[in-house]
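Working notes for the structure below.
Bear in mind that the values in this text are calculations on the coordinates, not laboratory data. Just so it is clear, the structure is predicted and the values come from calculations on it, not from any experiment. Cβ sites come from the backbone with ideal geometry, for glycine too, and all protein chains shown count toward neighbours.
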C-alpha cells in the first residue's frame, strides 16, 4: 500500500466519522410565539414573557426588536435598550446595527422566524415563532451569570448565538452580545441575479 493509499484511507475514515457523528447536542428548545410582531417597546412589554425572567423569551425578543429596524430605527433602539437593561446600546452598537441594514439588507432578522426561507424572501408565517435552543456548551459560563442561546436562520448553515447576562437582584436576563444575529446570510431569491 503506497503512502497515498494510506492518506486516502485515513481521509475516508475521517469523513465517514464526521458523517456518522450526530449533530450538536440540544439540551433544550423553546418556541416563543408572537401573534403579531411588536412595533415598539410598549408592544414588547405587552407580551406575557416581557418581565425578562425567561432567557429564551429574551433571545426571541431581540429578534423581534431587530426586525423593527427597517421601519423604525428609534423604536428598534428603544426595544434593544429595554432588552439590555442596565447596559444600553453604545454609539458603536447603534452604528453596527445601522451598518448591517445598509444597502437594503432588511431580511436577516426575518430569517429566524419559522416559515421563512430564501425562496419566499424570508417571509415568515403567522403566528410568528422563534425556536431558541440551548446547546451542549450554552452553560459554560453560567456560574458567572452568562448563558449562550442559539437560533437557526433559514439562510445560514449553522445556528447563530446570543449571549445573555443574568441580574440576580431582579432575576432577569438581559442581552449581552447579539452581533452574530446580524451576520450575513444567503440573499433572497428575488434579489439573487443568479436565481
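Sorted from fewest to most neighbouring beta carbons within 10 Å, what does the list 80, 133 look like?
Working: 80 23, 133 19.
By the 10 Å Cβ count, ascending: 133, 80.
Among 65, 136, 179, which one shows the biggest mean-square fluctuation in a GNM of the chain, springs joining Cα atoms closer than 10 Å? The residue with the greatest mean-square fluctuation here is 136. If r is the Cβ-Cβ distance from residue 53 to residue 120 and R0 is 30 Å, what FRET efficiency results, to the nearest 0.05? Efficiency computed from Cβ-Cβ geometry: 0.30. In terms of its Cα atoms, the chain spans 70, 47, 33 Å along the principal axes, sorted from long to short.
Report, in deg cm²/dmol and to the nearest 500, the calculated mean residue ellipticity at 222 nm for the chain, where each DSSP H run with n ≥ 4 adds -39500 (n - 2.57) and the sum is divided by the residue count. Please list the in-between numbers first.
Working: 5 runs with 59 residues, N = 195.
My calculation for the chain gives -9500 deg cm²/dmol from helical runs alone.
Distance from the C-alpha centroid of the stretch 32-94 to that of the stretch 157-195: 13 Å, rounded to the whole angstrom.
Normalised by the number of residues in the chain, the average gap of Cα pairs under 8 Å and 6 or more apart makes the relative contact order 23 percent.
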